[in-house]
Amino acid sequence: MEIAYTTTELRDLFRFPATALAQFGANVARLLAIRFADLEALQNAAELETLGAMQCDAGGDKYLELPLAEGVVLIIKPNHPKRTMTDWANVTRVKIAAIVRRDERH
C-alpha cells in the first residue's frame, strides 16, 4: 500500500524511531515500526481490520482507527478525498492522519 502523511512531523515518527520513542515511549515506538511494515505489506486498507482496526465516521469523515499501545491509536484515512463512499477493499493509498491518545481523538 502507498503511505502518505498529513505532516512531516508525523512522517518523522515513522522514519526516525528515536523521535517516536521520545514522544510516546518504547512500547508505542516499537509498535509504530511494526505497523509501518504491516502497512507497506498490505494490499488494501480493508486488510487493516485483521490487525484490529475499526472503521469510524466523524461527521462524514471516514477513517480507520488502529490501536497501538497504552491507549494510543493510529488514525488512517483514504488518500483520495474526492470519493464520498469508502470501500476500504479498494483503498490502496492511505494517509496517516494522526497518532493520538484515545481521549484526544477527533
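In region 59-67, is there at least one residue being in contact with a Leu (Cβ under 8 Å, 6 or more places away or on another chain) and either at pLDDT below 90 or at positive phi (or both)?
Scanning region 59-67 turns up no residue that is in contact with a Leu (Cβ under 8 Å, 6 or more places away or on another chain) and either at pLDDT below 90 or at positive phi (or both).
Right, I75: loosely packed, with under 15 Cβ neighbours inside 10 Å, among the aliphatic types (A, V, I, L, M) and either without any contact (Cβ under 8 Å) to a residue 24 or more places away in the chain or touching a Cys at 6+ places or on another chain (Cβ under 9 Å) (or both) or not?
Values: loosely packed, with under 15 Cβ neighbours inside 10 Å: no; among the aliphatic types (A, V, I, L, M): yes; either without any contact (Cβ under 8 Å) to a residue 24 or more places away in the chain or touching a Cys at 6+ places or on another chain (Cβ under 9 Å) (or both): yes.
Against the criterion (loosely packed, with under 15 Cβ neighbours inside 10 Å, among the aliphatic types (A, V, I, L, M) and either without any contact (Cβ under 8 Å) to a residue 24 or more places away in the chain or touching a Cys at 6+ places or on another chain (Cβ under 9 Å) (or both)), I75 does not qualify.
Being charged (D, E, K, R) and under 10 Å from the mean Cα position of the chain (by Cα) is the filter here, so list the residues in region 29-83 that pass it.
R35, E65, K77
Within region 49-72, track down each residue that is under 22 Å from D12 (Cβ atoms) and surrounded by 15 or more Cβ atoms within 10 Å (Cβ to Cβ).
Y63, L64, E65, L66, P67, L68, A69, V72
Taking region 35-44, which residues are closer than 16 Å to F16 by Cβ and surrounded by fewer than 16 Cβ atoms within 10 Å (Cβ to Cβ)? Give the steps one after another, and end with the answer.
Step one: filter region 35-44 for residues closer than 16 Å to F16 by Cβ, giving 35-37.
Passing the criteria: only A37.
Just to confirm my filter: which helices (runs of 4 or more DSSP H) fall fully inside region 1-64 and include at least 1 residues that are among the small types (G, A, S)?
17-24, 26-41
Would you check which residues across region 54-71 are charged (D, E, K, R), in contact with a helix residue (DSSP H, G or I) (Cβ under 9 Å, 6 or more places away or on another chain) and farther than 17 Å from L39 by Cβ and list them?
Across region 54-71, the qualifying residues are K62, E70.
The values are calculated or read from the model by the stated rules, or taken from the named source; none is laboratory data. Remember, predicted model here, so these are calculated numbers, not experimental data. In this analysis, Cβ positions are derived from the backbone assuming ideal geometry, glycine residues included, and neighbour counts consider all displayed protein chains.
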